[in-house]
Amino acid sequence: MNPLEIIQKYYEPDSKAWYFLAHHSRLVSRKALEIAGKVRHLNPDMRFIEEAAMLHDIGIFYTKAPRLGCFGYRDYLCHGYLGRELLEKEGLPRHAPVCERHVGMGITLQEIKDKSLPLPQREMMPLSTEEKIVCLADKFFSKSDDDLLHEKPLERVREMIAAYGEDKLATFDEWLILFKVL
C-alpha cells in the first residue's frame, strides 16, 4: 500500500492542503520510525507505523482550516474521526483508528461527554504500541507556516500538552520514557 496514492485521491498534489499534509506527515513518519527504532524489543510494526503516520491526518480536508487550504464544514477537532471513516471506506481497518486516536494524547469518552465535544461518543485513546508511537511523534510537529518543517523542542511540546491537563502531560512523560525519547 502506498499512502501517497490514497492521499492523492482526496488532495490535489499542487494544493495548499497537500503541501501541509504531505510535509507534516513525512516528518511525523520519520520521527515515528526513529522512535520505533529505539524500542525494537517491543516488536513495533515498522511498515505499519510508516503508513499510519503518513495517513494520520488525512481527514483535515473535511474541516474549516483555511490557513491549511481546507474548506470543509467541520471543526478541526473532527479531522481524526473523519479520517478514520475515510480509511475504513478505503479498506484500511487497522490504519483507520490511528487517525482518531492521535488527536491530543487521545480523547476519552468521559472528556467527550464532559466537554460536549463534537465527536462520536466513544473512547479515542491510542491502544497499540504503534498507535502510541504515531501519536507521540505527531506532537513534535505543527502544520503552520513558520513551524511546518521544524521539530518542536521537547519543552515546548510539554507546555502545549500541559494545557490539556496534568493527566495528558503525565501520559506524554510516561511515553517519553517507554519509547526512549528522553
Task: Close pairs from the range 23-36: first surrounded by fewer than 20 Cβ atoms within 10 Å (Cβ to Cβ), partner assigned to a helix (DSSP H, G or I) and charged (D, E, K, R), Cβ under 8 Å, at least 6 apart - done: Leu33/Glu50
Open item on the list: Return the residues of the range 159-175 that are in contact with a Lys or Arg (Cβ under 9 Å, 6 or more places away or on another chain) and of a type outside the set (Val, Ile, Thr); say none if nothing qualifies.
Closed with: Met160, Ala162, Leu169, Phe172, Asp173, Trp175
- [ ] Please indicate, with yes or no, whether at least one residue in the range 66-82 is in contact with a Cys (Cβ under 8 Å, 6 or more places away or on another chain), over 17 Å from Leu117 (Cβ atoms) and modelled with pLDDT of 95 or more.
- [x] no
Task: Some residue of the range 144-159 being crowded, with 22+ Cβ neighbours inside 10 Å and within 29 Å of Tyr10 (Cβ to Cβ) - done: no
Task: Whichever residue in the range 1-22 is buried (at least 21 other Cβ atoms within 10 Å of the Cβ) and touching a residue at least 60 places away in the same chain (Cβ under 8 Å) and, among such residues, is farthest from Leu127 (Cα to Cα) - done: Phe20
TODO: Quick one: Ser128 ticks every box in (1) touching a strand residue (DSSP E or B) at 6+ places or on another chain (Cβ under 7 Å); (2) at pLDDT 95 or above except a single one, so which number is it?
DONE: (1)
Open item on the list: Among (1) over 12 Å from the mean Cα position of the chain (by Cα); (2) buried (at least 19 other Cβ atoms within 10 Å of the Cβ); (3) not acidic (Asp, Glu), there is one condition Lys132 misses while meeting the rest; what is its number?
Closed with: (1)
- [ ] Could you list all residues from the range 66-83 that are aliphatic (A, V, I, L, M) and free of Cβ contacts under 8 Å to residues at least 40 places away in the same chain?
- [x] Leu82
- [ ] Can you give me the ranges of the helices (runs of 4 or more DSSP H) entirely in the range 84-182 with at least 3 residues that are free of Cβ contacts under 8 Å to residues at least 12 places away in the same chain?
- [x] 109-114, 154-162, 166-178
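The values are calculated or read from the model by the stated rules, or taken from the named source; none is laboratory data. For clarity, every value in this text was computed on a predicted model and none was experimentally measured. Cβ sites come from the backbone with ideal geometry, for glycine too, and all protein chains shown count toward neighbours.
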